[in-house]
Amino acid sequence: MSITTAAPAATAPVALVAAVLTLLTAGAMAGLFLGFSVAVMPGLDSLDPEAAADAMRRVNERILNPLFLSAFTTVPLTAGAAGGLLLWLGHRAAGWAFLLAAVVYLLGTFLPTAAVNVPLNDALAAGGTWSDYSPRWTTWNTVRAAFATLTLLLSAGGLCLWSRDA
């Protein structure tokens, strides 16, 4: 058996794991961000502004945990891995769907987190006001939810395309 025939056969299960992990983590992130935009932030907005700011500061301290950080950072890595492996295996449409999912997540979810939401969290932690924080944070969080959802849809589409090729 040559190395070229063994490699694709051994690669397909790895691609499947990466694809499923992408689907699961993108779904988890989309749900988390959506939940914040439609429930948590409106709930906090109904509180006294200082109480809301204090509660959000506590949430921001606790969300930086291994489970959240693993899910948040895994999406583009597993999507990129699945896409690259699927292209290598000859599943072009499925591979491109996963690579597009990685790009969508990086640009629409990861980048706004680093450029907007985290700096807003830092400003709130440093004593910023709720009125300066909540509207902008929620808007950009909703953007993150939308792009994480698009990532989820692209990943599901990639799996469907791959299953049609099989």
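The values are calculated or read from the model by the stated rules, or taken from the named source; none is laboratory data. Here the structure is a predicted model, which means the values were calculated and not measured. Backbone-built Cβ (ideal geometry, glycine too); neighbour counts: all protein chains shown. Areas reflect the complete protein model, heavy atoms only, side chains present, ligands, DNA and RNA absent. Shrake-Rupley method; radii C 1.70, N 1.55, O 1.52, S 1.80 Å.
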*Treating only the Cβ atoms of Lys and Arg (+1) and Asp and Glu (-1) as charged, compute the dipole magnitude of region 10-166 about its Cα centre; round to the nearest 20 debye.*
520
*Over the residues of region 28-67, compute the C-alpha Rg and express it relative to 2.2 N^0.38 Å.*
1.23
_Percentage, to the nearest whole number, of Cα pairs in the chain over 27 Å apart_ = 35
*asked:* Whole-Hz ³J(HN,Hα) for each residue in region 50-59, computed from phi via Karplus 6.51 cos²θ - 1.76 cosθ + 1.60 with θ = phi - 60°, x for glycine and proline: what do you get?
replied: 5, 5, 4, 4, 5, 4, 5, 4, 5, 4
*How high is the relative contact order of the chain, in percent, counting Cα pairs under 8 Å that sit 6 or more residues apart?*
36
*Within the accessible area of region 30-166, what % is carbon and sulfur when the probe is 1.4 Å and the other protein chains stay in place?*
71
*Farthest toward the dipole's positive end in region 30-109, which of His91, Val103, Leu44, given Cβ charges of +1 (Lys, Arg) and -1 (Asp, Glu) about the Cα centre?*
His91
_Given a 1.4 Å probe and heavy atoms of the protein chains only, how would you sort Thr142, Thr22, largest accessible area at the top?_
Thr142, Thr22
_Please compute the per residue accessible area over the chain with all protein chains in place, 1.4 Å probe, rounded to a whole number of Å²._
51
_Using 0.36 nm times the number of residues separating Leu64 and Leu111, minus their current alpha carbon distance, what extension gain do you get?_
15.2 nm
